[in-house]
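What follows is a set of notes on a single structure, which appears directly below.
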Ligand code: DX5
Ligand code: ZN
């Protein structure tokens, strides 16, 4: 069974926003596969972060694909703005999408990869009917809104379930996890079938970005082999 490669996606939420372009360039040079960008609206989640102009500035600072995680209500209204700003992959929370199949189609029609995101308390069944219509599924392993929270291990059963559906129906599906990922947790997620790993605090708190990215990648590869 050939599954997608391991991807390490540093979350810029944990970076120094005062030196954002420098931080993005540094993790890109250090071996990041994707740059994970957290967009929060202060409604769907309690925190408020950035919008399209900052996404556009991040895009100018790197050649790596931008993995844009929309934690916003009614995402269908602003998806075109995020794709125009340079999002290569767009994640929408299923909790915000009554017409999930349509919204994933909208992202693909705009030329980006479509990702459906599940909060910790949302069951895997919420994406069962869109496995073929998504390029990526993101499982939240913390309640979204803030970096630096503790990993919720109960979400790993969802990873196993979704990976099993994908093996049958869409083997190229990227299965991503976000929240509390670091050296202590990445192996469990990789063993459960996750291939793409968002890490904020675990990467940006280190001085040597290349060393931590390499260690995370090796640990994930070891756990899934
Ligand atoms: C949380 C965000 C995450 C966050 C992860 O709402 O979606 O991407 O930056 O941070 P860490 O890796 O510190 O848990
Ligand atoms: Zn995120």
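Restricting segment 126-142 to residues that are in contact (Cβ under 8 Å) with a residue 40 or more places away in the chain and under 15 Å from the mean Cα position of the chain (by Cα), which is farthest from residue 10 (Cα to Cα)? My answer is 135. Within segment 167-194, no residue that is over 19 Å from residue 135 (Cα atoms) and free of Cβ contacts under 8 Å to residues at least 12 places away in the same chain sits with its Cβ atom under 7 Å from a residue that is in a loop (DSSP other than H, G, I, E, B) and more than 14 Å from ligand 1 (Cβ to nearest atom) at 6+ positions apart or across chains. Counted as qualifying within segment 1-85 are the strands (runs of 3 or more DSSP E) with 2 or more residues that are under 17 Å from residue 181 (Cβ atoms) and touching a helix residue (DSSP H, G or I) at 6+ places or on another chain (Cβ under 8 Å), namely 7-10, 35-40.
Out of 68, 39, 83, one residue alone is buried (at least 20 other Cβ atoms within 10 Å of the Cβ), over 17 Å from residue 8 (Cα atoms) and within 15 Å of ligand 1 (Cβ to nearest atom). It is 39.
Residues are listed down the side, and each one gets a yes or a no for (1) buried (at least 19 other Cβ atoms within 10 Å of the Cβ); (2) within 15 Å of ligand 2 (Cβ to nearest atom); (3) within 28 Å of residue 205 (Cα to Cα):
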site	(1), (2), (3)
108	no, no, no
117	yes, yes, yes
133	no, no, no
142	yes, yes, yes
158	yes, no, no
169	no, no, no
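If you go through segment 200-215 and keep only what is in contact with a strand residue (DSSP E or B) (Cβ under 6 Å, 6 or more places away or on another chain) and either outside any helix (DSSP H, G or I) or more than 16 Å from ligand 2 (Cβ to nearest atom) (or both), you end up with 200, 213.
Every number here is computed from the coordinates shown, using simple stated rules; none is lab data. Bear in mind the structure is a predicted one, so any value in this text is a computation, not a measurement. Note that we place each Cβ from the backbone using ideal geometry, even for glycine, and neighbour counts take in every protein chain shown.
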